[in-house]
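Worksheet: the structure to be examined is printed underneath.
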Number of protein chains: 2
Amino acid sequence: MSNMGYAGHMELHEPELREVPVTAVLAALADDVRLQIVRALAQGGEYACGTFEFGVSKATRSHHLKVLREAGLTRTRVAGTSRYVRLRRDELDRLYPGLLDAVLAAPARA
Amino acid sequence: MSNMGYAGHMELHEPELREVPVTAVLAALADDVRLQIVRALAQGGEYACGTFEFGVSKATRSHHLKVLREAGLTRTRVAGTSRYVRLRRDELDRLYPGLLDAVLAAPARA
DNA sequence: GAGGTTGTTCGACGGATGTCGAACATGGGT
DNA sequence: ACCCATGTTCGACATCCGTCGAACAACCTC
């Protein structure tokens, strides 16, 4: 307590999108669970991690969110015990115009 | 010998693009060697398999070309002992408008 | 037909990846 | 203080994937 005020966090690794190889971005999108997460995020706004219930365990979900984050696809805000995730759509659309749209437009179950 | 004339080929598995899950298409593109091949093919026209010299063995090259073909990204024409590969760009652009352009526009080494 | 060319297939191997349960960390509530 | 809720991290495990050399298959040319 006292005045060391500061919500110690932990430097959430969020790379510059242009530092990430295209292949890494594509690889991040090339998984069913992660694609479902991205589809959800594409609705806009932020979502707590727990929002994503896609038939995998907490551990696995956490893993996938990490992959997305480290591929530069998402940004995470820490608030209390929750973490709020959002899509880095603007940056994505600027660096890879058309990519996200094309992927999202694809039929979900094909 | 005799008349059983017929250039037996072998049914080269080339799926309908819409039968291929998006994740498979993305996975096919999410490899450095394959992306180099796709970049080369994107120049247009057909190329014999041997054209692609990207520092991998014959076996590996063959493997990658198979992955691309089975992901619906390429079409292969058999001619004698050679095989000519070309990009299925039209179909790709129709089903995933913008995807290929975005990927190809990305810096080669990032 | 013998030999060369082109490409595929077959193990084998090592490294990456998806998955889980269990343990841990952190913060909110009562 | 205790407990609960939310997430992450840590092995562990199975599977997939990229890679290679060697063997094979098909074809062309002499």
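The values are calculated or read from the model by the stated rules, or taken from the named source; none is laboratory data. As the structure is a prediction and not an experimental result, all values here were calculated from the model. All Cβ positions, glycine included, derive from the backbone under ideal geometry; neighbour counts span all protein chains shown. Accessible surface is based on the protein model in full, side chains and every heavy atom, while ligands, DNA and RNA are left aside. Shrake-Rupley method; radii C 1.70, N 1.55, O 1.52, S 1.80 Å.
Given the structure, is A:Leu92 among the aliphatic types (A, V, I, L, M), away from DNA strand D (no atom under 13 Å from the Cβ) and touching a residue at least 40 places away in the same chain (Cβ under 8 Å)? Against the criterion (among the aliphatic types (A, V, I, L, M), away from DNA strand D (no atom under 13 Å from the Cβ) and touching a residue at least 40 places away in the same chain (Cβ under 8 Å)), A:Leu92 qualifies. Residues that are more than 7 Å from DNA strand D (Cβ to nearest atom) and in contact (Cβ under 8 Å) with a residue 12 or more places away in the chain within the range A:56-75 comprise A:Val56, A:Thr60, A:His64, A:Val67, A:Leu68, A:Arg69, A:Glu70, A:Ala71, A:Gly72, A:Leu73, A:Thr74, A:Arg75, listed in sequence order. From the list B:Tyr84, B:Tyr47, the lone residue that is aromatic (Phe, Trp, Tyr), at pLDDT 95 or above and in contact with a helix residue (DSSP H, G or I) (Cβ under 7 Å, 6 or more places away or on another chain) is B:Tyr47. For the range B:41-84, the tally of residues that are in a helix (DSSP H, G or I) and at positive phi stands at 0. Residues in the range A:56-67 that are within 8 Å of DNA strand C (Cβ to nearest atom) and either open to solvent by 80 Å² or more (accessible area, probe 1.4 Å) or in contact with a Ser or Thr (Cβ under 9 Å, 6 or more places away or on another chain) (or both): A:Lys58, A:His63.
Here A:Arg18 passes the criteria (1) farther than 19 Å from B:Pro21 by Cβ; (2) out of contact with any Pro (no Cβ under 9 Å at 6 or more places or on another chain); (3) in a helix (DSSP H, G or I) except the one numbered (2).
Of all the numbered requirements in (1) open to solvent by 20 Å² or more (accessible area, probe 1.4 Å); (2) touching a residue at least 40 places away in the same chain (Cβ under 8 Å); (3) in a helix (DSSP H, G or I), B:Val38 misses one, and that requirement is (1).
What number of residues within the range A:41-55 satisfy the criterion of being of a type in the set (D, E, K, R) and surrounded by 18 or more Cβ atoms within 10 Å (Cβ to Cβ)?
Residues that pass the stated criteria total 0.
Within the range A:17-30, residues that are more than 7 Å from every other protein chain (Cβ to nearest Cβ) and in contact (Cβ under 8 Å) with a residue 12 or more places away in the chain sit with their Cβ atoms under 6 Å from residues that are part of a helix (DSSP H, G or I) and open to solvent by 10 Å² or more (accessible area, probe 1.4 Å), at 6+ positions apart or across chains, in these pairs: A:Leu17/A:Glu91; A:Leu17/A:Leu95; A:Ala28/A:Val67. For the range A:35-55, name all the residues that are within 14 Å of chain B (Cβ to nearest Cβ) and either of a type in the set (A, V, I, L, M, F, W, C) or within 15 Å of DNA strand C (Cβ to nearest atom) (or both). Once the filter is applied, which keeps residues that are within 14 Å of chain B (Cβ to nearest Cβ) and either of a type in the set (A, V, I, L, M, F, W, C) or within 15 Å of DNA strand C (Cβ to nearest atom) (or both), the range A:35-55 yields A:Leu35, A:Gln36, A:Ile37, A:Val38, A:Ala42, A:Phe54.
For the range B:68-110, a residue qualifies if it is under 11 Å from the mean Cα position of the chain (by Cα), within 14 Å of another protein chain (Cβ to nearest Cβ) and open to solvent by 40 Å² or more (accessible area, probe 1.4 Å), and exactly one does: B:Arg89.
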